[in-house]
Amino acid sequence: MESLERSWRVERPEYNPLWNFIYAVGTGSQEFCAAESVCTLQQIPMDLISWTVTNSHRMDIVSDPSSDRFKRPQSLLVLPPDEWPMLKWNGNPYGLDGGSGGHSEDDGAFFLLPYLDGPVSQADRRIEAL
């Protein structure tokens, strides 16, 4: 249980619905960012083509002075999902630039897994109340 608590504290600022639902089910906690999880799922674009996205030039984004592990720019806060380059839950949600110029398309599993996990989990009552 300590490991799940520790991992969720690291993941919490990312508003990752998959981790939030796993945390809710694993701990039975009523405090798991249900509203943020629903908001994240609602903001994920249904167009799953990997368009090129460049956010590193934006003046409204506070950049992290340290780059990511691949020496790419990243922000201090997670942007809304509709401003991300195409991302799966194992990517860097703080990343600013990416995509493939429309040359690839995702299968949508990164959306479906938390979408289907949330309603069938113990988190169901909290999500329906929103």
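None of the figures in this text is laboratory data; all of them are computed from the coordinates on show. Fair warning: this is a prediction, and the values are worked out from it, not measured in the lab. Because the Cβ atoms are built from the backbone with ideal geometry, glycine has one as well, and the counts that use them run over all protein chains shown.
Pairs of alpha-carbon atoms within less than 8 angstrom and 6+ residues apart define the contacts here; what relative contact order does the chain have, in percent?
Across the chain, relative contact order equals 29 percent.
So if a site counts as exposed when it's one of the chymotrypsin sites (Phe, Trp or Tyr not before Pro), its DSSP state isn't H, G, I, E or B, and it has at most 16 other Cβ atoms within 10 Å, what's the longest stretch of the chain without one? Before the final figure, lay out the partial values.
On the way: sites that count: Trp51, Phe70, Trp89.
That would be 1-50.
³J(HN,Hα) across the stretch 14-23 via Karplus (A = 6.51, B = -1.76, C = 1.60, θ = phi - 60°), whole Hz, x for Gly/Pro?
Couplings: 7, 6, 7, x, 4, 5, 4, 6, 4, 4 Hz.
From the P(r) of the chain, could you give the percentage of C-alpha pairs in the tail past 20 Å? Could the numbers behind the result be given before it?
Working: 4029 of 8385 pairs.
When every Cα pair of the chain is considered, 48 percent fall beyond 20 Å.
Could you pull the Cα extents of the stretch 49-106 along its three principal axes, largest to smallest, in whole Å?
Sorted largest first, the three principal extents are 31, 22, 18 Å.
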